[in-house]
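K.L.:
Dumping the structure here so I can ask a few things about it.
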Amino acid sequence: MAFRLFSRRARPAANPAGGLALRTLLQWHWISSAICLGGMLLFGITGFTLNHASQIEAKPAITTKQYPLPAAQLDRLQLLAESEAPPPTLPQDIQTWLAGQCQCNVADAVPEWSADEVYLPMPRPGGDAWLRISLADKLVEHEVTDRGWLAYFNDLHKGRHTGDTWRWYIDVIAIGSVVFCVTGLLILQKHAGNRPSTWPLFGLGLLLPALIALLTIH
């Protein structure tokens, strides 16, 4: 009994500061994971599909429609096309007319003016689109190319033709992912004493991509 009493290891004194730091790390870790979960799943899945894009066939669907150009719109556009400095966007009334006629939004499209036509490129995720207003033929031609949902999500991954709001979202996910990884590393450090494989696995995770890049990418 005496031997057991004197040989028992004393429990380490509680460290309130260490416990608070660990709780703070855990809180930041789960908050960042909750915020980034949807984005990380999306970018993880589309990272795989992009890496195998050549093996996944996609047949684009192309739709072309033509509409007659009213005389009032024709006269307005001809005046703008012949002016020394055509506007960087179409007038609002013509935008409204095109939206009702072609079911397309040209507010952000930058027109390319010439004497015979006005061309508006309208690239978009997962496809392409353009609109041509032929002043000579008095016609509006609208073509839409749809490459499917897989191409759409792949373009979201790349931030291709997605607009400022989506690019801001990508920035938020990137920052949140960094917070998630850094807090995860600090939590690993807290528990590494009881898990001998922590640092070998961590080192392998850093070394493996470096070795692949140095040995196989030329």
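K.L.:
Looking only at segment 48-73, count every residue that is more than 30 Å from Gln95 (Cα to Cα) and part of a helix (DSSP H, G or I) and tell me the total. Let's see the steps before the verdict.
P.N.:
Of all residues in segment 48-73, those more than 30 Å from Gln95 (Cα to Cα) come to 48-59.
With part of a helix (DSSP H, G or I) added as a condition, the list becomes 48-51, 53-55.
Total meeting the criteria: 7.
K.L.:
Now for a different question. Show the residue pairs that are 6+ apart or on different chains and have beta-carbon atoms under 7 Å apart, the first residue being within segment 132-151 and free of Cβ contacts under 8 Å to residues at least 60 places away in the same chain, the second being in a strand (DSSP E or B).
P.N.:
Matching pairs, first to second residue: Arg132/Glu117; Arg132/Tyr119; Arg132/Glu141.
For every residue, the table says whether it meets (1) buried (at least 17 other Cβ atoms within 10 Å of the Cβ); (2) of a type in the set (A, V, I, L, M, F, W, C); (3) touching a Phe, Trp or Tyr at 6+ places or on another chain (Cβ under 9 Å).
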| position | (1), (2), (3) |
| --- | --- |
| Glu117 | yes, no, no |
| Phe153 | yes, yes, no |
| Ala174 | no, yes, no |
| Phe180 | yes, yes, yes |
| Leu206 | no, yes, no |
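K.L.:
A further question on this structure: With closer than 30 Å to Ile62 by Cβ and under 28 Å from the mean Cα position of the chain (by Cα) as the only criterion, which of Asp171, Asp116, Asp164 stands out?
P.N.:
Numbers: Asp171 fails: closer than 30 Å to Ile62 by Cβ; Asp116 fails: under 28 Å from the mean Cα position of the chain (by Cα).
Result of the check over Asp171, Asp116, Asp164: Asp164.
K.L.:
Tell me which of these Thr162 doesn't satisfy, since it passes every other one: (1) open to solvent by less than 90 Å² (accessible area, probe 1.4 Å); (2) among the polar types (S, T, N, Q); (3) in a helix (DSSP H, G or I).
P.N.:
Only one criterion in (1) open to solvent by less than 90 Å² (accessible area, probe 1.4 Å); (2) among the polar types (S, T, N, Q); (3) in a helix (DSSP H, G or I) is unmet by Thr162, namely (3).
K.L.:
Here is a check on your reading of the model: is Ala136 surrounded by fewer than 16 Cβ atoms within 10 Å (Cβ to Cβ) and out of contact with any Phe, Trp or Tyr (no Cβ under 8 Å at 6 or more places or on another chain)? Walk me through how you get there before you give the answer.
P.N.:
Numbers: surrounded by fewer than 16 Cβ atoms within 10 Å (Cβ to Cβ): yes; out of contact with any Phe, Trp or Tyr (no Cβ under 8 Å at 6 or more places or on another chain): yes.
Here the answer is yes, as Ala136 does meet what is asked.
K.L.:
Next up: All but one of (1) without any contact (Cβ under 8 Å) to a residue 12 or more places away in the chain; (2) open to solvent by less than 80 Å² (accessible area, probe 1.4 Å) hold for Leu79; state the number of the condition that does not hold.
P.N.:
That leaves (2) as the condition not met.
K.L.:
Would segment 38-52 turn up any residue that is open to solvent by 20 Å² or more (accessible area, probe 1.4 Å) and over 27 Å from Trp166 (Cα atoms)?
P.N.:
No, that holds for no residue.
The values are calculated or read from the model by the stated rules, or taken from the named source; none is laboratory data. Note that the coordinates shown come from a computational prediction; the quantities given were computed from them, not determined experimentally. Cβ atoms come from the backbone with ideal geometry, glycine included; neighbour counts cover every protein chain shown. Calculation scope for accessible area: heavy atoms of the full protein, side chains included, ligands and nucleic acids excluded. Shrake-Rupley method; radii C 1.70, N 1.55, O 1.52, S 1.80 Å.
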